[in-house]
Amino acid sequence: MRKALVCGAGGFIGSHLVKRLKQDGYWVRGADLKRPEFAETAADEFRLLDLRQEEKCVAALTVPDGSFDEVYQLAADMGGMGFIESSECEIMHNSALINIHMIHSAARMGVNRYFFSSSACVYRDMRPDEPELSEEEAYPAHPHNEYGWEKLYAERMAQAYGRNQGLVVRIARFQNSFGPEGTWRGGREKAPAAICRKLAEARDGGTIEVWGDGSAMRAFTYIDDMVDGICLLMDSNCGEPLNIGRREYVSVNDLVRIVTEVAGKTIKIKHVEGPVGVRARNFRVDKIETLGWKSKVSLEEGIRRTYPWILEQVQKARI
Ligand code: NAD
């Protein structure tokens, strides 16, 4: 039985990944500062650990018989654009420490394969009509925010350990991901969850606030597609960072329209000042597609699966 450690298993993508690895027959240990908020973990074992500390990384990686076959590093101090733009020091300090100590300890402790979760934020800002960027076009580097710079540094560090310390390293650059059991309030939520929450809270005929003028272009990838991509990439022989994301670009206004239709409400939009991030960031996914990956869930279908879950959370929170 293959053994996997999922770092960040209390978070959105990590908790879904744990479920998949269990279905695929792994023995799984989750590690995180917190347990999953919305459902019991599917992991065989869950350790509450602050992975900024090297000794806690060692504790996460210690197993009685040998070492982990696979480590999935998804732990990060992380959030939507509001958090990314207001917490630059926390992101750069905390996520860098986690990445530095985890890969170093994994290499030292004989881990076979190591997955690192990078981000589309490593790319520069784009005009909405520009052709999609390939993986190589992350250089010359000009990420729009410090979160992207930290990811780029961590990618390079993982690759250096791959070249020099015998670790098989796989790196994915995720497009925005969304789905049930993700953060939906509190300041760290991303656009799809935030818009679903605003619609769920609004009365029919009411008004919701949207940051910026709504013209920023985005792509959103449903969680099941993202997890498919992670597993395919981990099993592949691809040593370079690979983009994972759905090729369906919409403006924030389009996203609001889709959520509004799913919610079945009539709503007015008030555009307000707020952290909107880049104008557009579109990347190519032909490389992950050559591994056999294909996004199966459209944005609208993903919202149909996510909105009822967020509505339920909103209703529970009112009680
Ligand atoms: P998340 O915030 O839901 O999960 C991250 C987890 O890391 C959290 O549970 C958090 O408690 C944990 N963590 C933070 N600091 C820690 C510490 N010191 N020790 C142990 N655990 C710690 O985020 P997510 O959406 O599941 O993202 C997972 C990974 O994917 C992150 O690396 C993120 O940067 C990357 N990513 C996500 C998206 C997305 O749209 N969700 C997009 C691009 C990249």
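The values are calculated or read from the model by the stated rules, or taken from the named source; none is laboratory data. A quick note: this is a predicted structure, and the numbers were derived from the prediction, not measured. Cβ placement follows ideal geometry from the backbone for every residue including glycine, while neighbour counts extend to all protein chains displayed. The accessibility values were calculated without ligands, DNA or RNA, using every heavy atom of the protein model including side chains. Shrake-Rupley method; radii C 1.70, N 1.55, O 1.52, S 1.80 Å.
The residue of segment 150-197 that is farthest from the ligand (Cβ to nearest atom), among those that are free of Cβ contacts under 8 Å to residues at least 24 places away in the same chain and small (Gly, Ala, Ser), is ALA160. Beta carbons closer than 9 Å, at least 6 apart along the sequence or on distinct chains, pair a first residue in segment 41-54 that is touching a residue at least 40 places away in the same chain (Cβ under 8 Å) with a second that is open to solvent by 70 Å² or more (accessible area, probe 1.4 Å) and within 8 Å of the ligand (Cβ to nearest atom) for LEU51/LEU33.
Residues checked against (1) in contact with a strand residue (DSSP E or B) (Cβ under 7 Å, 6 or more places away or on another chain); (2) in contact (Cβ under 8 Å) with a residue 12 or more places away in the chain:
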{"residue": "GLY239", "(1), (2)": "yes, yes"}
{"residue": "LEU242", "(1), (2)": "yes, yes"}
{"residue": "ASN253", "(1), (2)": "no, yes"}
{"residue": "ILE258", "(1), (2)": "no, yes"}
{"residue": "VAL272", "(1), (2)": "yes, yes"}
{"residue": "VAL278", "(1), (2)": "no, yes"}
{"residue": "GLU289", "(1), (2)": "no, no"}
{"residue": "GLU301", "(1), (2)": "no, yes"}
{"residue": "ILE319", "(1), (2)": "no, no"}
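Within segment 148-169, count every residue that is open to solvent by less than 20 Å² (accessible area, probe 1.4 Å) and not aliphatic (A, V, I, L, M). Within segment 148-169, residues that are open to solvent by less than 20 Å² (accessible area, probe 1.4 Å) and not aliphatic (A, V, I, L, M) number 4. Take the conditions in a helix (DSSP H, G or I) and either within 10 Å of the ligand (Cβ to nearest atom) or out of contact with any Leu (no Cβ under 9 Å at 6 or more places or on another chain) (or both) and apply them to TYR147. Does it pass? Yes. Annotation note: of VAL6, VAL58, the sole residue that is open to solvent by 10 Å² or more (accessible area, probe 1.4 Å), β-branched (Val, Ile, Thr) and not in a loop (DSSP other than H, G, I, E, B) is VAL58.
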